[in-house]
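**Q** Quick one: the structure is below, questions incoming.
Here, each number is a calculation from the coordinates, and none is a lab measurement. What you are looking at is a predicted structure, and each value in this text was computed from that prediction instead of being measured. As a convention, Cβ positions derive from the backbone with ideal geometry for all residues, glycine included, and neighbour counts pool all protein chains shown.
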Amino acid sequence: MRYISIIGCGFVADFYMRSFELYDDISVRAVYDINPDRLSEFSRHWGLQTASGLEELLENGEQDEVVLNLTNPASHFDITKICLHSGRHVYSEKPLAMSMAQAEELFSLAKRHNVYLASAPCSVLSESCQTLWKAVRDRVVGKPMLVYAELDDGLISQAPYRSWKSVSGAPWPFEDEFDVGCTIEHAGYYLTWLIAMFGPVRKVVAASAELDRNKLAGSATAPDFSVAVLYFDHDVVARLTCSIIARHNHSIRIISEDGSLELDECWNNDAAVKIRRRRAIRRRLVEMPFSKRYRLAGPTHRKVKRMGAAAMNFALGPVEMLDAIAEKRTCRLSPELALHLNEVTLAIQGAGSTTGAIVMKTDCPPIEPASWA
């Protein structure tokens with residue numbers, strides 16, 4: 001049996017628990033939340049042992065246990081820092097930290113204590129991403145040149161979000177979501193995919209803005225729109241857009257020499273990867289109206305059914321870390337990746353209306369594809 005413990009029993013914790021139900025060899029040893037009512041509701045719903053405090057949870061951990069930091073974003077740094085000082089492996093929800101100084105401190109702590117550190121999202125390990133990535137590696141439609149990636153979720157301020165609850169009764173944390181912003185919350189889904197496929201981001205040209213002032217009674221919040229042009233090695237450029245303004249669109253297109261690779265929904269681990277060819281017909285260049293699905297040959301990973309807006313296995317990240325610990329190898333979701341992802345995300349979020357390029361200072365090693373991809 002392999003063990004994890006959970007700090008933070010809010011909305012996202014139920015998504016993790018639903019995913020862990022797929023794994024008979026993983027046990028949630030204990031959970032803790034600073035809110036006693038939320039801790040009681042969550043533990044009762046899932047039948048879990050509770051810890052009376054953070055110190056108790058960390059002191060009683062099993063060997064090679066992974067601690068999941070599922071607290072609100074403002075608490076990620078403090079909680080992860082305490083866990084790392086205790087010699088614990090940590091998998092944190094995004095972002096790793098709210099500043100690069102904090103993220104770099106966590107990175108250094110993990111190295112000093114020789115423990116694993118990673119941050120969400122883990123959808124880079126999903127079948128949909130791994131299939132798309134293999135099509136890129138195999139040059140199915142030739143050399144990639146340009147990527148269009150969208151993470152738009154509709155005009156959320158007009159949605160009945162105050163009534164959204166998880167299966168154990170946790171409310172959607174709309175105040176955190178609006179204060180942190182959709183870029184920090186969502187950009188990582190496609191950023192990890194792009195970094196896996198094309199390597200580290202070398203340069204960012206971005207802009208962000210708060211356009212909807214109806215959130216939180218009109219008080220100022222984080223940007224609810226951002227657009228970034230990301231420059232990679234080998235002449236690959238990507239445009240990434242995030243918003244909680246425009247109509248729902250989670251698609252990605254990788255435009256290559258002989259056509260494009262397309263996927264409609266990154267929050268669906270089983271989303272179809274489609275090949276669309278390009279042909280010169282008479283005097284016209286035509287994007288073919290029909291596409292063909294590209295598939296991997298064998299089995300991939302365990303899937304969860306749709307829950308709310310997503311059909312994602314949230315356990316893929318913690319399971320990868322547990323596997324890496326047991327096999328004494330580098331985790332595919334490395335601390336270098338977490339640090340680089342944090343830097344790129346904050347660069348996009350903080351761009352505001354300024355112009356010019358932001359050169360990235362961090363780097364990260366290549367990510368290994370899944371063994372089945």
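**Q** Report the equivalent ellipsoid semi-axes for the chain in whole Å, largest first, defined as the square roots of five times the eigenvalues of the gyration tensor built from alpha carbon atoms. Before the final figure, lay out the partial values.
**A** Details: eigenvalues 221, 112, 86 Å².
Each semi-axis is the square root of five times an eigenvalue, giving 33, 24, 21 Å.
**Q** Give, to the nearest whole percent, the P(r) tail of the range 92-251 beyond 18 angstrom, counting all Cα pairs. Walk me through the intermediate numbers first.
**A** Values: 8475 of 12720 pairs.
Of all Cα-Cα pairs in the range 92-251, 67 percent lie more than 18 Å apart.
**Q** Assuming 0.36 nm per residue, please report the length gained on full extension of the stretch GLU55 to GLU210 beyond their Cα-Cα distance. Spell out each step's value before the answer.
**A** Values: separation 155, 0.36 × 155 = 55.80 nm, distance 3.92 nm.
Between GLU55 and GLU210, full extension yields an extra 51.9 nm.
**Q** Additional query: Looking at the range 236-303, I'd like the Rg to Rh ratio, where Rg is from alpha-carbon atoms and Rh is Kirkwood's inverse mean 1/r. Numbers along the way, then the final one.
**A** Numbers: Rg = 14.9 Å, Rh = 14.3 Å.
So for the range 236-303, dividing Rg by the Kirkwood Rh gives 1.04.
**Q** Which angle between 0 and 90 degrees, to the nearest 10, do you get for helix 182-198 versus the longest principal axis of the chain when only C-alpha atoms count?
**A** Compared with the principal axis, the helix lies near 60 degrees.
**Q** What is the chain's relative contact order, in percent, from Cα pairs under 8 angstrom and six or more apart in sequence?
**A** Values: 795 pairs, mean separation 74.3, N = 373.
Taking the mean separation of contacting Cα pairs over the length of the chain, I get 20 percent.
**Q** Moving on. Not counting the cut sites, what is the longest span of the chain without chymotrypsin sites (Phe, Trp or Tyr not before Pro) that DSSP labels loop and that have at most 14 other Cβ atoms within 10 Å?
**A** Numbers: sites that count: PHE290, TRP372.
Here the longest run is 1-289.
**Q** Additional query: Just to compare against my own numbers: the Cα pair-distance distribution for the range 2-119, 10 Å bins, whole % per bin, please.
**A** In whole percents, the pair-distance histogram is 14, 49, 32, 5.
**Q** Let me know the charge dipole size of the chain about its Cα centre in debye, to the nearest 20, where only the beta-carbon of Lys, Arg (+1) and Asp, Glu (-1) is charged.
**A** Details: 42 positive and 46 negative charges, 414 e Å.
Here the size comes out at about 1980 debye.
**Q** If you bin every alpha carbon distance in the range 81-156 into 10 Å steps from zero, what whole percent lands in each bin?
**A** Going from the shortest bin to the longest, the percentages are 15, 30, 25, 25, 4.
**Q** Any chance you could get the radius of gyration and Dmax over the Cα atoms of the range 142-237, in Å?
**A** Taking only Cα atoms of the range 142-237, I get Rg and Dmax of 16.4, 50 Å.
**Q** Let me ask you something else. Evaluate Rg over Rh across the range 90-134, taking Cα atoms for both radii and Kirkwood's formula for Rh.
**A** On the way: Rg = 13.3 Å, Rh = 11.9 Å.
Across the range 90-134, the Cα-based Rg/Rh ratio is 1.11.
**Q** Starting from 0.36 nm per residue, how many nanometres of slack lie between ALA326 and ALA101 once their C-alpha separation is accounted for?
**A** Values: separation 225, 0.36 × 225 = 81.00 nm, distance 3.08 nm.
Fully extending the segment from ALA326 to ALA101 adds 77.9 nm.
**Q** Identify, among LEU54, ALA101, VAL90, the residue whose Cα sits farthest towards the positive end of the charge dipole of the range 2-119, taking +1 on the Cβ of Lys and Arg and -1 on the Cβ of Asp and Glu, with the dipole about the Cα centre.
**A** Working it through, the farthest residue towards the positive pole turns out to be ALA101.
**Q** Could you state the principal axis extents of the C-alpha atoms in the range 292-373, from the largest down, to the nearest angstrom?
**A** Its Cα atoms span 46, 35, 28 Å along the three principal axes.
**Q** Can you list the lysines whose alpha carbon is less than 22 Å from that of LYS111, not counting same-chain residues fewer than 8 positions off?
**A** Cross-link targets: LYS81, LYS94, LYS328, LYS361.
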